Amino acid sequence: MFESFLLAFPALFSIVNPIAMALIFSQVTAGRSPREHMQLATLVSVYSAIVMLVALWAGAYVLNFFGISLAALRIAGGFVVAERAWALLSAPEEHEARKQEQAAPAGAVEESAFFPLTIPFTTGPGTISVCIALGANRPADPAGLPSFFFGVSAAALAIAVLIWLSYRSADRLVALLGPTRARVLTRLFAFLLFCVGVQILLNGANDALGPLLAQRPH
C-alpha cells in the first residue's frame, strides 16, 4: 500500500502540479470575489478527486474490455507519462500558456468549476492518462489489489487536498513563489514523473517479454 502511494503521488503531483497551476488559477479568477474564489477552489478539488479516482479504478478495466492487454497498456501508458514529463521538462512555459488559454472562458461558478477549470485545466487528458497508466500497474496477484488501490486512491485524494489548499491560497502563493521558482519546481517534479513513466514502461516490457525469454532453451 505504501509503495503504491509512493508510486502514484509524485506522478500525479508532477502532472497536476497544483502549485504552478495555482499561479495561473489566480490570474484567470482575478475578477471574481473572494467568496467565489473559495467556492471554485472547493468545487475544482472535489471534481478533480472524482476524475482521478474514476480513471485509476476503471480506466484500465475499460481498456481491457476492448482486448488491450495489461502489458500493452503499461507500455503505452509509460510512453504517455514519459512524453508528458519530457514536454514539461523542455517547455514548461508553453505548457502553462496552454493551460491559461484553456481556462480563460469562465462563466458562472458552477458552470466553470468543472469545465474548463477541472477539465482540461487541472485534471486534463495528461492526468487521466497518468491515472490509467498507474491503474494498469496494478499487481497480478488478486490478494494485492485492495492494498494497491487503497494506496493510489489515497495519493489521488492527497493531490485533491493539495489542489484545494493551493487554489484557495493562490494569491499568497503568487506573492511567495513567483513564476521563476514555480518553474523550478515544475522541472524538478517533471523529472520525477519522467522516471515514473520509464518504470511503468519497463514493467510492461517485462510482462510482455518475460514469458518469451523464459521459454528460450538454456
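The values are calculated or read from the model by the stated rules, or taken from the named source; none is laboratory data. This one's a predicted model, so the numbers in the text were calculated from it and none came from an experiment. A quick note on method: Cβ atoms are made from the backbone with ideal geometry, for glycine too, and the neighbour counts reach across all protein chains shown. Only protein heavy atoms, including side chains, enter the accessible area calculation; ligands, DNA and RNA are left aside. Shrake-Rupley method; radii C 1.70, N 1.55, O 1.52, S 1.80 Å.
List of remarks:
- Of all the numbered requirements in (1) among the hydrophobic types (A, V, I, L, M, F, W, C); (2) surrounded by 23 or more Cβ atoms within 10 Å (Cβ to Cβ); (3) touching a His at 6+ places or on another chain (Cβ under 8 Å), ALA87 misses one, and that requirement is (2).
- Counting the residues of segment 5-42 that are in contact with a Phe, Trp or Tyr (Cβ under 8 Å, 6 or more places away or on another chain) and assigned to a loop (DSSP other than H, G, I, E, B) gives 1.
- Qualifying position, being touching a residue at least 40 places away in the same chain (Cβ under 8 Å) and farther than 22 Å from SER26 by Cα, among PHE121, PHE191, PHE114: PHE191
- So ALA154, is it at pLDDT 85 or above, farther than 24 Å from ALA205 by Cβ and open to solvent by 10 Å² or more (accessible area, probe 1.4 Å): yes
Yes/no matrix, rows are residues, columns are (1) modelled with pLDDT of 90 or more; (2) surrounded by fewer than 17 Cβ atoms within 10 Å (Cβ to Cβ); (3) in contact with a helix residue (DSSP H, G or I) (Cβ under 7 Å, 6 or more places away or on another chain):
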| site | (1), (2), (3) |
| --- | --- |
| SER14 | no, no, yes |
| ILE19 | no, no, yes |
| ALA22 | no, no, yes |
| SER26 | no, no, yes |
| ALA30 | no, yes, no |
| HIS37 | no, no, no |
| ALA41 | yes, no, yes |
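- Within segment 115-127, considering residues that are within 17 Å of VAL81 (Cβ to Cβ) and crowded, with 20+ Cβ neighbours inside 10 Å, the one modelled with the highest pLDDT: THR123
- Check on GLY135, in a helix (DSSP H, G or I) and farther than 15 Å from VAL16 by Cβ: yes
- Matching entry among SER45, SER112 (being assigned to a helix (DSSP H, G or I) and modelled with pLDDT of 85 or more): SER45
- Checking VAL62, VAL54 one by one, the residue that is more than 15 Å from the chain's Cα centre (by Cα), on the phi < 0 side of the Ramachandran plot and at pLDDT 80 or above is VAL62 and no other.
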